[in-house]
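Beneath this line is the structure, given in structure tokens, with notes to follow.
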Amino acid sequence: DAGITQSPRHKVTETGTPVTLRCHQTENHRYMYWYRQDPGHGLRLIHYSYGVKDTDKGEVSDGYSVSRSKTEDFLLTLESATSSQTSVYFCATAVGTNEKLFFGSGTQLSVL
Amino acid sequence: QKEVEQDPGPLSVPEGAIVSLNCTYSNSAFQYFMWYRQYSRKGPELLMYTYSSGNKEDGRFTAQVDKSSKYISLFIRDSQPSDSATYLCATLFESGSARQLTFGSGTQLTVLP
């Protein structure tokens, strides 16, 4: 798992509440990514980071924000969770831009 | 139309069979092609990575890319029950600061003992 830890592994929350998912890596990889995985859609990029405090949007970034204050931590925040954000969220890291990604084990998020 | 299309299956084969998994893509600018394997309740892991047309072999796995027809394949020889997983193809386009990595939706494979 390339030293990637996601927390929590499972979370159930209510619509309208804020939620923060954490990704922690021990490999000192420069690039970190947040994906969501939904049936029929595969993996879709939410946000990514190319360094401390350097982040950018992916294809499905609406309703999500991220922060990276340390190389090892990448946080994904749902400011006000909606049922459409029920999904499995994966964090990934990469040494460079050649996109050989290493994935964490995922967080199952249910928004009721 | 999705940029990367992949038959979701499910695909079920007997142990020892040759498995063929396929994807098509629409953007001829895609340069790199990957296959990821994902076990149930786990994150995807990189299986094969190639950047040119032709075949790349790694043990029982062969990745094949045909850029002229925009077709990507993964062949698994002598399939084993431990190969049961979801297989995702992915394509990458890079140009300067622009980068686009696109995943297929995955094909679920079961190898029966």
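With 10 Å² as the minimum drop in accessible area between chain alone and full protein complex (1.4 Å probe), the qualifying residues in the stretch B:78-113 are B:L88, B:L92, B:E94, B:R99, B:L101, B:F103, B:S105.
Compute log10 of I(q)/I(0) for chain A with the Debye formula, placing one identical point scatterer on every Cα and leaving out solvent, at q = 0.14, 0.16 Å⁻¹, to two decimals. So the normalised log intensities are -0.49, -0.64.
Residues of the stretch B:74-106 with an amide N closer than 11 Å to a point placed 7 Å from the Cα of B:Q31 along the Cα-to-Cβ direction: B:92-100.
Accessible surface for B:T110 stands near 50 Å², nearest 10, in the context of the full protein assembly shown (1.4 Å probe).
How high is the relative contact order of the stretch B:1-62? Use alpha-carbon pairs under 8 Å, at least six apart in sequence, and give a whole percent. Present the calculation step by step, with values, prior to reporting the outcome.
Values: 50 pairs, mean separation 14.6, N = 62.
RCO, the stretch B:1-62: 24 percent.
Roughly how big is the A-B contact, given as buried accessible area in Å² (both sides, 1.4 Å probe, nearest 100)?
On the way: alone 5840 and 6250 Å², together 10650 Å².
The A and B chains share an interface burying roughly 1400 Å².
Accessible area per residue, 1.4 Å probe, Å², for the stretch B:1-99: what's the number? Each step should come with its number before you reach the end.
Values: 4970 Å² over 99 residues.
Computed with neighbouring chains in place, this is 50 Å² per residue.
Across all directions, the average flat footprint of the convex hull enclosing the Cα atoms of the protein assembly as shown is 12.3 nm². When the listed pairs B:K42/B:K67; B:K2/B:K56; A:K11/A:K53; A:K100/B:K67; A:K11/B:K70 are checked against a 28 Å cut-off, the alpha-carbon distance exceeds it for B:K42/B:K67; A:K11/B:K70. Here the Gaussian network model covers chain B, with springs between Cα atoms less than 10 Å apart; of B:D58, B:D78, B:D66, B:D58 fluctuates the most.
List the relative contact order of the stretch A:4-111 as a percent without decimals, with contacts defined as Cα pairs under 8 Å and 6+ residues apart.
Numbers: 278 pairs, mean separation 38.9, N = 108.
Once divided by the residue count of the stretch A:4-111, the mean separation gives 36 percent.
Net charge around B:T62, counting only other residues with Cβ within less than 11 Å of its Cβ (Lys, Arg = +1; Asp, Glu = -1)? Computed value for this residue: +1.
If only the Cβ of Lys and Arg carry +1 and only the Cβ of Asp and Glu carry -1, the dipole of the protein assembly as shown around its Cα centre is close to 240 debye.
Going from the chain on its own to the full set of protein chains, the stretch B:29-47 has these residues losing 50 Å² or more of accessible surface (heavy atoms, 1.4 Å probe, no ligands, DNA or RNA): B:P44.
Taking a cut-off of 16 Å, what percent of all Cα-Cα pairs in the stretch B:4-60 are separated by more than that? Looking at the stretch B:4-60, the distances longer than 16 Å represent 59 percent of pairs.
Against the empirical 2.2 N^0.38 Å scaling, what ratio does the C-alpha Rg of chain B come to?
Values: Rg = 13.8 Å, N = 113, 2.2 N^0.38 = 13.3 Å.
That ratio works out to 1.04.
Within the accessible surface of chain A, defined with a 1.4 Å probe on protein heavy atoms only, the carbon and sulfur portion equals 48 percent. For chain A, the solvent-accessible area of protein heavy atoms averages 46 Å² per residue (probe radius 1.4 Å; ligands and nucleic acids excluded).
Percent relative contact order of chain B, based on C-alpha pairs within less than 8 angstrom and at least six residues apart? List each step's numbers first, then the result.
On the way: 276 pairs, mean separation 41.8, N = 113.
The normalised contact order for chain B reaches 37 percent.
The values are calculated or read from the model by the stated rules, or taken from the named source; none is laboratory data. Everything numeric in this text was worked out from a predicted model, so none of it was measured. All Cβ positions, glycine included, derive from the backbone under ideal geometry; neighbour counts span all protein chains shown. When the accessible area is computed, the model is the full protein with side chains, heavy atoms only, and any ligands, DNA or RNA have been set aside. Shrake-Rupley method; radii C 1.70, N 1.55, O 1.52, S 1.80 Å.
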